[in-house]
Structure formats: C-alpha cells, structure tokens
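This report refers to the structure that appears directly beneath it.
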Number of protein chains: 2
Amino acid sequence: MVTTADETTATTTSRARMTGKQRREQLLEVGRKLFADKGFEATTVEEIAAKAGVSKPVVYEHFGGKEGLYAVVVDREIRALLDVITGALSSHGHARVLLEQAALALLDYVENSTDGFRILVRDSPAGQSTGSFASLLSDVASQVEHILAAEFKRQKLDPKTAPIYAQMLVGMVALTGQWWMDSRKFKKADVAAHLVNLAWNGLAGMEPKPILRTARK
Amino acid sequence: MVTTADETTATTTSRARMTGKQRREQLLEVGRKLFADKGFEATTVEEIAAKAGVSKPVVYEHFGGKEGLYAVVVDREIRALLDVITGALSSHGHARVLLEQAALALLDYVENSTDGFRILVRDSPAGQSTGSFASLLSDVASQVEHILAAEFKRQKLDPKTAPIYAQMLVGMVALTGQWWMDSRKFKKADVAAHLVNLAWNGLAGMEPKPILRTARK
DNA sequence: GTCGTAGGTTACGGTTGCGTAAGTTACCTC
DNA sequence: GAGGTAACTTACGCAACCGTAACCTACGAC
C-alpha cells in the first residue's frame, strides 16, 4: 500500500476515511468526470475507485456496479438540465423571449456543467434503446410544440406542423450548444442573440446587431 | 438478399466460397448493419463473422480487426454523405435554393442509407477524440459559412458572424434529419420545405404553406 | 479498555472477446 | 490427376474487467 504517490494518471483525491454520504458524492463526482472524458464503456470501475483513493468494492457497495453509478450520474444531469430548460420555457411572455431564455439556460448549463452535458450527448450505455438524451430532447420538443401551437393559431398557421418546427428549434439550439462547448470562440450572450435572431427573423430578415431582451447575470 | 436459412438471430447470408473482393464487401455490409444496430463496442468480431457465415480469422484477414473494418465502413459513409451535401451546396443559385437542396440531400441520405447515418451519429470508437461525424459537420459548416459570408455582405450584415449562423443551420438540419430518421411521421418534402421556411423566414415571417422550389425525383 | 459497526482492504473466480498459429478444403492450371 | 494457392477452419493463448468472499481497522459509546 504505502502509495502517497499516484501511479499512472490517477489523482488520488482523498486519503482519509469518509462517511457514507461523502464517499458516495465523491464517487459520483469522480465518475462524472471519467464518463465525460472517456465514455461509459471505456471507464472501468477500478479507475473510478483509484481516482477516488479507494478500492473497488467500495464502488460496488454504493452503487452495485458501473451501470448503477452511471445511472445516478445521468439521472442527475437529466433532471438538472430539464429543470432549467423547463423553467425557462414556462415563464410567461412573448415566444421570442421564451426562446431566448431557453437558449441562455442551455448555454449556462453547458458552461457550468460541461462534463454533464458531454455525458448526456455521448450517452450510449447500450442498454436503453432510447438514449436518455434523445428522450430529453423529445421531452423539451413537446414543450416547445405547445408554445408554438398557440403561437401558430394566432398567426393563422397550421398547428399540425408545430411538431416539426419544435424539433427543428430544439435541434438547432442543442447542436449549437454542443458546438459552443468545444469551440468557445464566441461569447455566450452573442451566441444566444444570434440564435434568437435566426430563429425569429430568418436569413431573409436578420437584424444586423441582435441583442437580448432579457437581463441576465 | 439471398438468405438461405437463419438459425437464431444470425442470418447466415452465404454458404459458398467467395472471392476475396466479394467476401470483403459482404463483411462490410454485415458489419455496417451490426454497427448501426448495436454500436461499435457492443458488436463482436465473432458476431460479424457468424452473420456472414464465416469464421473469425476471415475478418482479421481482410481488415486486421474490428477497428479496421469499422474504419472502412465509416470512411465510406463519410465520403458518401459529404459528397451529396457538397454537391448540393456547390451548385450555384440563390442561397435559399442551396439550403433546400442540401436539406433534401441529407434527408435522401438518411432515407437510403439509414444504417450508415445511424453509425455516423453514434460514432464513438473511443480512439479519435474528434468524432468523425463532428468533423464532417464542421466541414459542412465551413462550406455553409462561405456561402453565408457572401450573402451577408450583400445584406450589409457582419460576415464575422457567419460561422455562428453556419453552425446553427447545420445543427438544425442535422438534428432534424436524426429526428426524422426515427419518427418518420412527415413526408420528406414537407420536412425540407418547413426546414427552409424556418431558416429563411423565421418564426416571425413564416409562410403558411411552404413549398419547395426545386423539382426532385 | 472492550466491543460493535461503518468504512475499507486484498485476493480471487469467471466470463468475454480479441487476436493468432497451425492445419484443412475447394478450385484452377497444366 | 498433381500440385499450388486462395479461401477458410478449429483451437487456443491471453488480457481486461467485472463482481464477490473473506478478512481488516479506525473510532465512538458505554
């Protein structure tokens, strides 16, 4: 044992004994990071344990296995993301403002919880056919759909087509978030403003200098 | 499909001896299907071999391993998709028409080569950090960027922002394709028309009954 | 200060799936 | 119909990981 030194890459985070809760949270953190970096299958239980400065059975004790840990990690991320998006979409106001807020909410999430977002995007624990991220997207899309349907009626457009447009908007925002996560060459507020600009005005009627209508931290 | 008999799940496609080329192509087909259905890691070499009615070493003979086979499969798909998209984008004409054609090209691809598209979207052979699909997208985005930059100058918009909009458009189209692949509740031409409608006119100025401007098979 | 228990360890069994060595069969050529 | 070669097989070695059984150890309560 001895080992004050870390062998290969493992940064032995803790050394001391912890309470169950603490250890559990720590394992979740460590796992999150690893899953984000290397994906589900490429991450091994031993690696997780090592990086938490603990031995393998501890992981099994808390989560019953890799899948168990992964499930909890994903569940938390899904909930967190869904919460902020739903929050943004269910404040009342002009559809344009809702869009703006939802976009900002996603970008915030991408910024603050990059690892989590990366996990969701990667998804792929083979088991569930419906990737959890896909189902999150379709959940959000259905919220957007309702907003759009109302808006369409007002504008004398066919509400039957709302699902398509909902899907497109969600896709646009989601993939833009994904892209922004890696490139990061533009400011968050700018990305959001352009997002809204394109979605609202279209290429034919774009504002030259789009600005946000919402005050934000 | 010249299937003779299937046992449990493995559809032993061939029984007879083949030439090297034939076998190679057959293995690529089989692999493509399996990778699309189960992903890279979940697919085993034995499974591929079995489904091709052949034994494992044959696969190693032709491709040197699972990764080798996968690489060829992905490479072909990337090329194919990139070709049709690039083709659509490099015909000259109104930007709106280009968008329309590119959208249709993608949807065609999704329709005709569903397995391939699913593989690309899944991607994830751990190795290359830059998922091949991501790099394809950014490739396409850069093409779109140039088209947009020209268009922006004409419209007195800032060409510096073209990359963002390019990314958004590509994201919108790509994720819509992904969604359409699974849902399939709308007709291809309709999806394309709505795609163009949103991108071009925006939510504020949508046409009630968008129609395509291009004649298509 | 002993003792119960939560927190932790070492060490192993078992499966899975990759990759290869060595040998076999059909087919084509002369 | 002998033999060479391309196509293919059986059989195995081996490494990685998962998961578990069995055994320690710090530490607060009494």
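The values are calculated or read from the model by the stated rules, or taken from the named source; none is laboratory data. Quick caveat: nothing in here was measured; it's all calculated off a predicted structure. Please note: Cβ atoms are built from the backbone with ideal geometry, for glycine as well, and neighbour counts cover all protein chains shown. In case anyone asks, the SASA skips ligands and DNA or RNA and just uses the protein heavy atoms, side chains included. Shrake-Rupley method; radii C 1.70, N 1.55, O 1.52, S 1.80 Å.
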Give the range B:34-46 a look and list any residue that's more than 12 Å from B:Gly65 (Cβ to Cβ) and surrounded by fewer than 18 Cβ atoms within 10 Å (Cβ to Cβ), or say none. B:Asp37, B:Lys38, B:Glu41, B:Ala42, B:Glu46
Is it the case that some residue within the range B:60-73 is over 30 Å from B:Ile164 (Cβ atoms), in contact with a strand residue (DSSP E or B) (Cβ under 8 Å, 6 or more places away or on another chain), free of Cβ contacts under 8 Å to residues at least 60 places away in the same chain and crowded, with 21+ Cβ neighbours inside 10 Å? no
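Please determine whether any residue of the range B:87-110 is closer than 30 Å to A:Phe40 by Cα and open to solvent by 50 Å² or more (accessible area, probe 1.4 Å). Give the derivation first.
First pass over the range B:87-110, keeping only residues closer than 30 Å to A:Phe40 by Cα: B:106, B:109-110.
When the remaining residues are screened for being open to solvent by 50 Å² or more (accessible area, probe 1.4 Å), the result is none.
Within the range B:87-110, none of the residues are closer than 30 Å to A:Phe40 by Cα and open to solvent by 50 Å² or more (accessible area, probe 1.4 Å).
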Has the range B:32-44 got at least one residue that is under 18 Å from B:Thr114 (Cβ atoms) and away from chain A (no Cβ under 14 Å)? yes
Report, by residue number, each residue of the range B:179-217 that is more than 7 Å from every other protein chain (Cβ to nearest Cβ), open to solvent by 50 Å² or more (accessible area, probe 1.4 Å) and more than 23 Å from B:Ile147 (Cβ to Cβ). B:Asp182, B:Arg184, B:Lys185, B:Lys187, B:Asp190, B:Lys209, B:Lys217
Check whether at least one residue in the range A:69-86 is within 16 Å of DNA strand C (Cβ to nearest atom), among the aromatic types (Phe, Trp, Tyr) and over 19 Å from A:Leu175 (Cβ atoms), and report yes or no. no
Count of residues meeting criterion [under 25 Å from the mean Cα position of the chain (by Cα) and either among the charged types (D, E, K, R) or within 22 Å of A:Phe117 (Cβ to Cβ) (or both)] in the range A:45-62: 3
Can you tell me which residue is modelled with the lowest pLDDT among those in the range A:79-100 that are farther than 21 Å from A:His194 by Cα and small (Gly, Ala, Ser)? A:Ser91
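Table: residues versus (1) of a type in the set (D, E, K, R); (2) within 8 Å of chain B (Cβ to nearest Cβ).
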{"site": "A:Gly116", "(1), (2)": "no, no"}
{"site": "A:Asp123", "(1), (2)": "yes, no"}
{"site": "A:Phe133", "(1), (2)": "no, no"}
{"site": "A:Gln143", "(1), (2)": "no, no"}
{"site": "A:Met172", "(1), (2)": "no, yes"}
{"site": "A:Thr176", "(1), (2)": "no, yes"}
What's the total number of residues in the range B:1-42 that are modelled with pLDDT of 90 or more and aliphatic (A, V, I, L, M)? 7
Just to be sure, is A:Lys187 within 17 Å of B:His194 (Cβ to Cβ) and of a type in the set (D, E, K, R)? no
